[in-house]
Amino acid sequence: MDRRVIRHGVTDSTSERAFAALAEGSASHGDVHLASAQTAGRGRLGREWSSPEGGDLYASVVLLPPPPGYDPVGLTMAVGLGVLRGLERLGGAELALKWPNDVVDDDGAKLAGVLVESRGLQPNAPHYVAGFGVNVTRTEFPAELERERPVTSLALCGVEADAERALTEILSELEASLSQLADSPHILCSAFVERAGLYGGELEVQRGSETSRGRLLGLDLDAGLCLATQAGEELTIPLEHVSALRHI
Ligand code: BTN
């Protein structure tokens, strides 16, 4: 993947900058939009992504077609794995993935988040922007964020790093996981399942307002999430319908 890094300093959102470059026709596959702070950083489900200046990582990568087979769920899994492995290369230990887009520490505190978006510029050959935010040096968080869920940073995990190094390690792992998504998606799915600790025990799956429970039989980009329910049935749920997934 070519790596043109476009540095914005303080900007609204690196993903917004990536979409602006796509709209004006200046974007290339692999372009990385980087910010030192974001004034309108966004997360999943329309949430805000707290993005102050001070050393955390805010980056978005442009992904142009081909290869085929990209879809938002597979991409989110591949980017999550890339971020997780990149942070491990920096010395992060006992990190895990949490469906669909979080990297968490061993207590489940959120260290990084991934947001894959497409704007239907070409419905048959979608353009994607994969944004990721990593809490690198921060040791304090807004109270409303901490009320929502536990949060952490590399610094709080005892890892000394800066955003540039974190970006370098993540981009190299991202390249590998995106190739895996294109060439052997089943291996990527297995890696995700393992790093999200989904095998063994009962899972609770949120699908819209519906909740299902069961033991994981398999996870496949085409077939979806396959569960063995307590009633002895097999239940398959398309991955794009799975909004939350946790052990109970
Ligand atoms: C989430 O956990 O909900 C996803 C968070 C994604 C945040 C990153 S920071 C860089 C890029 N720009 C944004 O506005 N959001 C993503």
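The values are calculated or read from the model by the stated rules, or taken from the named source; none is laboratory data. These numbers come from a predicted model, not from an experiment. Please note: Cβ atoms are built from the backbone with ideal geometry, for glycine as well, and neighbour counts cover all protein chains shown. In case anyone asks, the SASA skips ligands and DNA or RNA and just uses the protein heavy atoms, side chains included. Shrake-Rupley method; radii C 1.70, N 1.55, O 1.52, S 1.80 Å.
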Checklist line | For GLY133, net neighbour charge (Lys/Arg +1, Asp/Glu -1) across residues whose Cβ lies under 13 Å away | finding: +2
Notebook entry, point to check: What is the gain in length, in nm to one decimal, between THR39 and ARG147 on full extension, counting 0.36 nm per residue of separation less the C-alpha to C-alpha distance?
Noted result: 36.8 nm
Check: Ranked highest first by average number of other Cβ atoms within 10 Å, how do 133-146, 229-242 line up?
Finding: 133-146, 229-242
Item checked: Contact order normalised by residue count of the chain, Cα under 8 Å, 6+ apart, percent -> 17 percent
Notebook entry, point to check: Distance in nm between label sites at ALA155 and GLN230, each 7 Å beyond Cα in the beta-carbon direction?
Noted result: 4.5 nm
Note to self: If you fit an axis through the alpha-carbon atoms of helix 163-183 and take the longest principal axis of the Cα set of the chain, what angle between them do you get, 0 to 90°, nearest 10?
What the structure shows: 50 degrees
Checklist line | Relative packing of 38-47, 82-91, 151-160, which averages over residues the other C-beta atoms within 10 Å, highest first | finding: 82-91, 151-160, 38-47
Check: How far is helix 72-89 tilted off the main Cα axis of the chain, in degrees rounded to 10, range 0 to 90?
Finding: 70 degrees
Notebook entry, point to check: Taking the Cα centre of the range 162-240 as origin and charging only Cβ (+1 Lys, Arg; -1 Asp, Glu), how large is the dipole, in debye to the nearest 20?
Noted result: 280 debye
Item checked: FRET efficiency, 1/(1 + (r/R0)^6) with R0 45 Å, evaluated for GLN122 and ARG89 via beta carbons -> 0.85
Check: Which whole-number percentage describes the relative contact order of the range 6-150, with Cα contacts under 8 Å and a sequence gap of 6 or more?
Finding: 23 percent
Check: How many percent of the accessible area of the chain is carbon or sulfur, using a 1.4 Å probe?
Finding: 48 percent
Margin query: What is the distance in Å between the Cα centroid of the range 186-229 and that of the range 1-69?
Written below: 30 Å
Notebook entry, point to check: Taking amide hydrogens as modeled 1.01 Å from N in the peptide plane, which residues meet the under 5 Å criterion relative to ARG207, leaving out close sequence neighbours?
Noted result: SER212, SER243
Checklist line | Within the chain, helix-based [θ] at 222 nm, where runs of 4 or more DSSP H residues each add -39,500 (n - 2.57), nearest 500 | finding: -8500 deg cm²/dmol
Checklist line | Semi-axis lengths (Å, descending) of the ellipsoid that matches the C-alpha gyration tensor of the range 121-222 | finding: 28, 23, 17
Item checked: For GLU173, net neighbour charge (Lys/Arg +1, Asp/Glu -1) across residues whose Cβ lies under 11 Å away -> -1
